Amino acid sequence: MATGSAQETQNFVTLKGSVELIVDFFNYSLNSILYQRGVYPEESFIPTQHYGLTMYMSKNPEIKKYTDEILPHLKQWLTEGKIKKLVLGLCDVNSKEPLECWEFRIIPEETPTGEIKQQGTKPLKDIQQEIRNVLRQITACVTFLPLLDCVCSFDLQIHTTKDAGGEGWGDVQPITIQNAQEVQLRSFSTSIQNVHTFLCNQVRPYLKNAIQRNYVAAVKPSRIQLKCSAFSKCFKSFQPLTRFVTTAAEVPTIQQSKWIGRWLGTCAGMCFGAVVIGGLTRLTESGLSMVEWSAFGERPPMSREDWEREFEKYKQFPEYKQLKKGISLEEFKFIWHMEYGHRMWGRLIGAMFVIPAAIFWKKGYFNSALKKRVLIYGTLIGCQGLLGWYMVKSGLEDRFHGEADVPRVSQYRLASHLGSAFVLYSLFLWTSLHHLVPAKVMEVSKGAIKFKRLVHFSKGIVFLTAISGAFVAGLDAGLVYNSYPLMAGRFLPQEWLALTPKIRNFTENPSTVQFDHRTLGHFTVLLLSSVWLLSRRIVLPPRARYAANALAAMAWMQASLGIATLLFYVPTPLASSHQAGSLVLLSTALWLSHELKNMKYIPK
């Protein structure tokens, strides 16, 4: 706690120290009320130790900026004795109706000559104890208050004298609540300034009685009468001018949040389906059957003449000339429909995203953070479609002239296309979980924080292993060595560094690419098994423990699918299941990471 002079080291505060104590108290009270009343979601607050209590401070950058702007004004006006009351009002965003007011009325103690006292006579320890009691009672009051079941904003009004200046402040009418009851809470005094706390709310009668009984039990009746008398005398001759700064805490209601979660969860499920369909398209060698692309979709051939015209286009490209020469029209129809289905599924994802997004945006379901995410997600969907065509174009180019060349898409572009699909799916799933099953705030030990970091690392390794699998698919590297655990009786394949420069082997040599994917697979299983073992040694919420168990089980299942795919020479059902399994494994890692995201270490 900052102090004003050397005298404060003797446990007595000066006017400057008194002002800083009050401003500090108000800052923590403001954040505590916003947290306790649910104006902002739990995960937007960080627990911290202050006054021997666990307080929750907002990590929202807008709220931080807001408080950073107003606190200097508070300090100046408190020092000059120009503030009589601070009012925090909670209002319904839609109706603008005030629902609740928390008032902090400030009475300065004056010297016999009428000036503001500069030196206090009360020990700092006693002041801090009184502040601690007020903060505790503010938290306790929430138990008796009705839930705020609407989207709320908060207004801060500062009642000042008419000569109080300050840029960005304006005159408004005081916040009033119809048919409200006023309840006086605890007070504290620095012996220079006195702060009285009041709650104004349309509360049930038992709330007022419960809080008043608590207050009277803690303070002598004569002291209450003395303070109230001084308070009334001060305010009879004071006509405050209300000045305010306001900010709206735009948070979706519970029902709105559930709809947003269901919508994004559906988009995530459709992305999962797109990955599976894309894998089947590649495994059936159908991806190069459509040689043209349109942003808004292609009309399928409707007659035999249309089909023959489309078939003739396909015959002009390398895949037909070198790989599928002589296939029948019926065989062409099958591979064409596979690719067409994959493309139309992608466009359906776009429609499923854009239409509800426009409706929710218009209805005001999105706050500023969600609006930014929605714009980013929409951009990624558009880029994914363009990247898919860019990948297909690499297989239509006239560049396959070697004897061993097989017309296929670039493994680099395939890995980029699959990787971006995984990223988009992860973003959809993560935000959906945030709205449907929000994680709880947990105060944990250092060991649990290290476990959380390990889970984040394992999530990255799962993603990296999946991308290495894209290189295996792009080079058909799964058909090179179909034995396990050795590769033709060797740990390292004989030609694993056959290409020059050597760095090319890791992305262009099928033997090396398969070896890399095997190695990453082994490491992933070992890492996720370690995560599971460590999860048994720390205290975790039930959902997080289920996620840790599912992650370990899925790791072993995915490894088994990979080995079976290899040993049976990459049959389509097993290969498709293995690709889908990688996305399930990533989903489980995301689930566990989500459950741990609000872990906070609080030093004892």
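Evaluation of P438 against the conditions (1) exposed (fewer than 13 other Cβ atoms within 10 Å of the Cβ); (2) part of a loop (DSSP other than H, G, I, E, B) shows that the sole unmet condition is (1). Screening A470 with (1) buried (at least 18 other Cβ atoms within 10 Å of the Cβ); (2) part of a helix (DSSP H, G or I); (3) modelled with pLDDT under 90 gives one miss only, at (3).
Taking the range 499-586 and the helices (runs of 4 or more DSSP H) fully enclosed by it, the elements with 1 or more residues that are of a type in the set (V, I, T), open to solvent by less than 30 Å² (accessible area, probe 1.4 Å) and under 29 Å from G273 (Cβ atoms) are at 510-535, 542-567.
If you filter the range 105-139 down to residues that are within 28 Å of C150 (Cβ to Cβ) and out of contact with any Lys or Arg (no Cβ under 7 Å at 6 or more places or on another chain), you find that the one that is surrounded by the fewest Cβ atoms within 10 Å (Cβ to Cβ) is R136.
When we screen I63, I70, I106 for residues that are closer than 17 Å to Y28 by Cα, of a type in the set (A, V, I, L, M, F, W, C), modelled with pLDDT of 85 or more and not in a loop (DSSP other than H, G, I, E, B), the only hit is I106. Is it true that S593 is open to solvent by 40 Å² or more (accessible area, probe 1.4 Å), small (G, A, S), more than 24 Å from G474 (Cα to Cα) and in contact (Cβ under 8 Å) with a residue 40 or more places away in the chain? In short, no. Pairs are defined by a Cβ separation below 8 Å, a sequence spacing of at least 6 or placement on different chains, a first member in the range 314-331 that is without any contact (Cβ under 8 Å) to a residue 12 or more places away in the chain and under 20 Å from V392 (Cα atoms), and a second member that is not in a loop (DSSP other than H, G, I, E, B) and not small (G, A, S); the pairs so defined are K315/K321; Y320/Y314. Total residues in the range 78-103 satisfying the condition of being modelled with pLDDT of 85 or more, open to solvent by less than 40 Å² (accessible area, probe 1.4 Å) and within 14 Å of K16 (Cα to Cα): the figure is 1. Checking each residue in the range 434-475 for being touching a strand residue (DSSP E or B) at 6+ places or on another chain (Cβ under 9 Å), of a type in the set (G, A, S) and within 15 Å of L551 (Cα to Cα) picks out no residue at all.
I'd like to know if the range 159-179 contains one or more residues that are open to solvent by less than 20 Å² (accessible area, probe 1.4 Å), part of a strand (DSSP E or B), under 25 Å from Y40 (Cα atoms) and at pLDDT 75 or above.
Residues of the range 159-179 open to solvent by less than 20 Å² (accessible area, probe 1.4 Å): 159-160, 164.
Filter once more, keeping what is part of a strand (DSSP E or B): 159-160.
Within this subset, residues satisfying the condition of being under 25 Å from Y40 (Cα atoms) are none.
No: the range 159-179 contains no residue that is open to solvent by less than 20 Å² (accessible area, probe 1.4 Å), part of a strand (DSSP E or B), under 25 Å from Y40 (Cα atoms) and at pLDDT 75 or above.
Close Cβ contacts (under 7 Å, 6 or more residues apart or on different chains) running from residues in the range 525-536 that are over 8 Å from A555 (Cβ atoms) to residues that are in a helix (DSSP H, G or I) and open to solvent by 50 Å² or more (accessible area, probe 1.4 Å) comprise W532/N549; S535/R545. Within the range 11-34, not a single residue is open to solvent by 30 Å² or more (accessible area, probe 1.4 Å), over 19 Å from L199 (Cβ atoms), within 24 Å of the chain's Cα centre (by Cα) and not aliphatic (A, V, I, L, M).
In this entry, G489 passes the filter for residues that are open to solvent by 40 Å² or more (accessible area, probe 1.4 Å) and closer than 23 Å to H517 by Cβ.
The values are calculated or read from the model by the stated rules, or taken from the named source; none is laboratory data. Please read these numbers as outputs of a predicted model, since none were measured by experiment. Ideal geometry is used to build each Cβ from the backbone, glycine not excepted, and the neighbour counts take in all protein chains shown. To get the accessible areas, we keep the full protein, side chains included, count just its heavy atoms, and leave off ligands, DNA and RNA. Shrake-Rupley method; radii C 1.70, N 1.55, O 1.52, S 1.80 Å.
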